[in-house]
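Beneath this line is the structure, given in structure tokens, with notes to follow.
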Amino acid sequence: MSPTSGVAPIEVLLVEDSPDDAALTVRALQQAKIRNRVHVATDGAAALDFLYRRGRHADAPAPDLILLDLNLPKVDGRQVLETIKGDERLRGIPVVVVEFLSAVTAIERFWLEIVRLP
């Protein structure tokens with residue numbers, strides 16, 4: 001018998017607009033040996049609809065964890081985070097801010113930090 005048998009899966013809301021980054025995250029969560037169900041919102045407006053159970057998300061489960069990209073279309077991730085933390089019903093949900101960087105972007109940021117050094 002598995003140690004997670006009989007335990008309800010963790011409901012994860014992944015808010016990520018890049019299909020490749022979302023697929024990578026879903027794959028990593030599947031391999032984590034933790035029972036989870038991942039729901040993907042591809043923009044900030046869809047994330048808020050999921051959280052407030054609006055429209056096609058009327059039957060959405062309450063997430064146990066939110067993985068949030070900050071750079072999103074429609075409603076920016078920072079606004080989504082502000083809404084979550086400003087709402088009594090949502091603020092208790094842990095939010096992990098995720099940012100996927102291309103190798104070029106990471107190198108550019110590294111060089112910008114070096115240039116700022118005294």
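Values as computed for the structure displayed
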quantity: Matching residues in segment 18-45 - criterion: being in contact (Cβ under 8 Å) with a residue 24 or more places away in the chain and under 12 Å from the mean Cα position of the chain (by Cα); calculated: Ser18, Asp21, Thr25, Val38, His39, Val40, Ala41, Thr42, Asp43, Gly44
quantity: Subset of segment 23-72 (residues that are out of contact with any helix residue (DSSP H, G or I) (no Cβ under 9 Å at 6 or more places or on another chain), within 14 Å of Val96 (Cα to Cα) and part of a loop (DSSP other than H, G, I, E, B)); calculated: Asp64
quantity: Scan of segment 51-66 for residues that are closer than 18 Å to Pro9 by Cβ, surrounded by 16 or more Cβ atoms within 10 Å (Cβ to Cβ) and under 14 Å from the mean Cα position of the chain (by Cα), ordered by number; calculated: Pro63, Leu65, Ile66
quantity: Filtered residue count, segment 7-22, keeping only those that are crowded, with 20+ Cβ neighbours inside 10 Å and in a loop (DSSP other than H, G, I, E, B); calculated: 1
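Values in this text are rule-based calculations from the coordinates and carry no lab data. Every value quoted in this text rests on a predicted model; they were computed, and no experiment measured them. Every residue, glycine as well, gets a Cβ built from its backbone with ideal geometry; the counts of neighbours run over all protein chains shown.
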